1. Mind checking whether some residue in the range 289-296 is surrounded by fewer than 20 Cβ atoms within 10 Å (Cβ to Cβ) and closer than 22 Å to residue 355 by Cα?
2. I want to confirm something. Restricting to the range 106-120 and keeping residues that are touching a residue at least 12 places away in the same chain (Cβ under 8 Å) and part of a loop (DSSP other than H, G, I, E, B), which single residue is surrounded by the most Cβ atoms within 10 Å (Cβ to Cβ)?
3. Output yes when any residue across the range 358-378 is closer than 23 Å to residue 279 by Cβ and touching a His at 6+ places or on another chain (Cβ under 7 Å), and no when none is.
4. Looking only at residues in the range 8-33 that are over 22 Å from residue 135 (Cβ atoms) and in contact with a strand residue (DSSP E or B) (Cβ under 7 Å, 6 or more places away or on another chain), which one is surrounded by the most Cβ atoms within 10 Å (Cβ to Cβ)?
5. Please determine, by comparing only the residues of the range 134-163 that are in a strand (DSSP E or B) and either of a type in the set (Lys, Arg) or away from the ligand (no atom under 14 Å from the Cβ) (or both), which one is nearest to residue 335 (Cα to Cα).
6. If I ask for residues that are aliphatic (A, V, I, L, M), more than 27 Å from the chain's Cα centre (by Cα) and not in a helix (DSSP H, G or I), which ones from the range 65-96 would you list?
7. Please state which one of 182, 171 is touching a Pro at 6+ places or on another chain (Cβ under 6 Å) and more than 16 Å from the ligand (Cβ to nearest atom).
8. Kindly list, by first and then second residue, each pair from a residue in the range 154-182 that is in the same structural domain as residue 213 (by TED's automatic domain parsing) to a residue that is assigned to a helix (DSSP H, G or I) and surrounded by fewer than 20 Cβ atoms within 10 Å (Cβ to Cβ), limited to pairs with Cβ atoms under 6 Å and residues at least 6 apart or on different chains.
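The values are calculated or read from the model by the stated rules, or taken from the named source; none is laboratory data. Since the structure is predicted, the reported quantities are computational estimates derived from the model, not experimental observations. So basically every Cβ, Gly included, is an ideal-geometry build from the backbone, and we count neighbours across all protein chains shown.
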Amino acid sequence: MNSYHIWTTGCQMNKADSERLCSALDQMGLVPSASKEEADIVVLNTCVVRQNAEDKAVGTLTSLKPTKELNPDKVIALMGCMVGPNTTNLEKRFPFVDVFMAPQQYQPLITFLSEKLDIDADGCIGPLTAAPAISTYIPIIHGCDKFCSFCIIPYRRGREKSRTIAEIVYETEMLVNRGVKEVTLLGQNVDSYGHDLTGHINLSDLLEAVNEVSGLERIRFLTSHPNDMQDSIIEAVNGLEKVCENINLPFQAGDNEILRTMRRGYTNEEYRRLIDKIRHKVSNVSISTDLIVGFCGETDEQFLNTLNMVKDIKFDKVHSAAYSNREGTIASRKMVDDIREEVKKERLQIINDTQEEIVTVINSGLKEKMQEVLVEGRKKGKWFGRNRNDKLVFFTNDDMRAGQVVDVKITETSPWYLEGSIHNEQGKN
Ligand code: SF4
């Protein structure tokens, strides 16, 4: 038994968890396999934020049952949001699963494998040691304390728990030594980073510390919450050289009554004022957002308030979703999911069409402009990377390698990516 396969769905937090588990399994001497059918150990790292994500995870898990019956030694582990604090029901439903692990709880699998394989796995779970890419994710805070009425995350990922600055800086240094040039500091609500640590620490202190890591080119952070976006964080984005001018600030709904029933804790007007402040303080900042249409009781007029927010603010990116009822949330217990699916679909389409028009105009403004791009790799015969505003840029050049920072003159634009040609290489690699 020596090969493993990790199947991952969902958010960047899940991807970061999988990278960490990979790192631990590699340190145990196991090797990755491209196929979950052939691997000796299969881990499904699941997301249940939306019903169809959970259905997909259940389908994939069930498809592994015949292989397990043929080969009882195969190890199957279920990880991520699908596994809550109590696994009794899951154990009954999926008796062929060997190990259940809640998000970030890798130890049950490590213990199971070290007993089964008779190896000492002490110290295998720790900071990420592999270098998966030029740009990688570092979780800085786990869980969420907000309990928005539509969201299952606090029940599945638990309460907020920050990692220390020292641990995160150490991990960043190790990653940089292995070729990483950009880190995205990750959490369900990164803006509340540090409130549970001793001393008056917040995200801006962490950004300052990571900014000092030599050899690192760029820092991003994801996801912010309007209630916790302190001035010092905005100042850090403006003042720290490596922190990219790009903020993801979900607003979720533009109507104050819907915001109240969502338990978001701010109003339309407060959100708009925050955006004005960020734009005033950080020049050339790009802002992305998340929103939900068709939340319980959302009238046409209330939907229009969301649409107007999109039209007025002109985000660089909008992650939109139709409301999907999740069992166990406050909304599922206290509200009625009463908006018809066709209406939700229609509203989603209106948002997406509007946003496409907006971003077409924003991106066309970049034509003939110079953009600093961190080269990430090659796709379909072209090099690609992202500018500081997180826009995908393609360009052609023969003499290039991933990890370089180059100036690209934009020649073509579209809502989804930019194209250009190399102006000069900054030689920062
Ligand atoms: S802030 Fe709200 S939406 Fe975001 S993870 Fe926490 S509870 Fe969920």
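1. yes
2. 106
3. Checking the range 358-378: at least one residue is closer than 23 Å to residue 279 by Cβ and touching a His at 6+ places or on another chain (Cβ under 7 Å).
4. Result: 25.
5. Per the criteria, the residue is 161.
6. 75
7. 171
8. Partner pairs satisfying both residue conditions: 165/209; 169/209.
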